[in-house]
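Data first, discussion second: the structure below is written as structure tokens.
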Amino acid sequence: MTDGGALGPGGQRGGVPRWREGLLVMADGSVFEGEVLGWREDQGGAPGAGEVVFNTVMAGYQEVLTDPSYAGQVIVFTYPHIGNYGTAPQDDESRRAFCRGVVVRELTDRPSNWRATGDLAGWLLSRGVPVIAGVDTRRLTRLIREEGSMPGAFGPADGGEGSFDEASLLSAARSEPPTNGRDLVAEVTCSAAYDYGSGPLQVVAYDFGIKRDMLEQLSAFASVRVVPASTPAEEVLAMGPDGVFLSNGPGDPAAVAGATETVRRLLGEVPVFGVCLGHQILAQALGATTYKLAFGHHGGNHPVRRTSTGRVEITSQNHNYAVTAGTFDASAEVTHVNLNDDVIEGLRCVDVPAFSVQYHPEAGPGPHDARYLFEDFADLVRLCGARS
């Protein structure tokens, strides 16, 4: 499973009692064998469980794991070797990992990189994120592609203390609630407003699950006031911002309490830029509906065509829901389209200063094809008469 060799007596590798034989059981009854790491006593005897989705990135695993958009989900990495370059504090995208667990083929325990301050196994262990390794991730990915994202549950299954049998893991997987109708944003948003950066423009950013790299891009031209997702539009407008940013976030956009009405109130009052979940919420404010994709878009290599120029951008994406074509009103037009499946990837309002994209232009660690969108937002704010 890793280059540390096979499990030793008592489930030890190299004298460290971290790994145990385990099982991952999907809601359809599919079973995957592996070894589990980081099993916590504070789990209260419950297995790791959540909606299982796959991500195709070859690098950037720490950024993926700390993206709040993965709240409620178990992440399967399709690339067979994860952890090759270790971990570094500056690669965290949020205050903690919100995902429910991690599934990999091989977890490297001997990273090599000058930036690394530790290995991924230790990083996961210290943050209480359970992982199952040694899994046939190709078979698991094919299952998700064919049957769609579904819940799964995993845990130790070696017959020792706290272990699970196949039946109990299957029951846990089938008991996991779906993401439809769940306000997962409430689990990840900040509890109080805070400030970030010191640029000349004034931007209020709604934290639906905001990433640090988004704040870095915004702070290049603005002083950013980050506010909780439930902040009323009137409160934001009273701050006198030059623009409003709608961040990424997890789950069903239709379930985010009050967000659609809030954005509808902001439109026409201040320039608005939305990303990922922020894109979906802006679309809903324009009358659109959203739907759940079969297995979502999770990876760093999705081709997107910009309709105004025909240029193709390689983009980073992480979302399970999308905007339904033809459901938003005539005051908006499509600006970007996914070339894999024709999903709407961008919108622009024609009568008020507002636009959005479904993908991640901040893209830490990359690709960076779409970072121009942050400067487009800055230009829009200046054009609309920013005080600065």
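The values are calculated or read from the model by the stated rules, or taken from the named source; none is laboratory data. Since the model is a prediction, treat every value here as computed from it, not as a measurement. All Cβ positions, glycine included, derive from the backbone under ideal geometry; neighbour counts span all protein chains shown.
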Subset tally (residues that are modelled with pLDDT under 95 and surrounded by 20 or more Cβ atoms within 10 Å (Cβ to Cβ)) for the range 177-188: 1
Does ALA205 satisfy the condition of being in a strand (DSSP E or B), surrounded by 16 or more Cβ atoms within 10 Å (Cβ to Cβ), of a type in the set (A, V, I, L, M) and in the same structural domain as GLY251 (by TED's automatic domain parsing)? yes
List the number of the failed condition for ASP109; all other conditions in (1) buried (at least 18 other Cβ atoms within 10 Å of the Cβ); (2) at pLDDT 95 or above; (3) among the acidic types (Asp, Glu) hold. (2)
Given the conditions (1) loosely packed, with under 14 Cβ neighbours inside 10 Å; (2) touching a Phe, Trp or Tyr at 6+ places or on another chain (Cβ under 6 Å), which single one is not true for ARG139? (2)
So which of ALA257, ALA222 is at pLDDT below 95, in the same structural domain as PRO353 (by TED's automatic domain parsing) and more than 19 Å from THR66 (Cα to Cα)? ALA257
What are the pairs with Cβ atoms under 7 angstrom where one residue, in the range 242-254, is of a type in the set (Phe, Trp, Tyr) and the other, located anywhere, is assigned to a helix (DSSP H, G or I) and crowded, with 24+ Cβ neighbours inside 10 Å? Sequence gap at least six, or different chains. PHE245/LEU218
Are there any pairs, at least 6 apart or on different chains, whose C-beta atoms fall under 6 Å, with the first in the range 367-379 and crowded, with 16+ Cβ neighbours inside 10 Å and the second in a helix (DSSP H, G or I), and if so, which? PHE374/GLN217
Are any of the residues in the range 232-243 outside any helix (DSSP H, G or I), of a type in the set (D, E, K, R) and in contact with a helix residue (DSSP H, G or I) (Cβ under 9 Å, 6 or more places away or on another chain)? yes
Which of the residues belonging to the range 305-350 are out of contact with any His (no Cβ under 9 Å at 6 or more places or on another chain) and in contact (Cβ under 8 Å) with a residue 60 or more places away in the chain? TYR321, CYS349
Does the range 241-253 include one or more residues that are within 28 Å of TYR70 (Cβ to Cβ), out of contact with any Pro (no Cβ under 8 Å at 6 or more places or on another chain) and surrounded by fewer than 24 Cβ atoms within 10 Å (Cβ to Cβ)? yes
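Condition check ((1) within 28 Å of GLY209 (Cβ to Cβ); (2) at pLDDT 95 or above; (3) not assigned by TED's automatic domain parsing to the domain that holds VAL31) across all residues:
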residue	(1), (2), (3)
TYR85	yes, yes, no
GLY128	yes, no, no
VAL135	yes, yes, no
LEU143	yes, yes, no
GLY159	no, no, no
Considering every residue within the range 96-105, establish whether at least one is surrounded by fewer than 24 Cβ atoms within 10 Å (Cβ to Cβ), at pLDDT below 95, more than 15 Å from HIS298 (Cβ to Cβ) and within 21 Å of the chain's Cα centre (by Cα). yes
When the range 255-275 is examined, which residues are found to be farther than 20 Å from LEU373 by Cα, touching a residue at least 60 places away in the same chain (Cβ under 8 Å) and not in a loop (DSSP other than H, G, I, E, B)? ALA255, ALA259
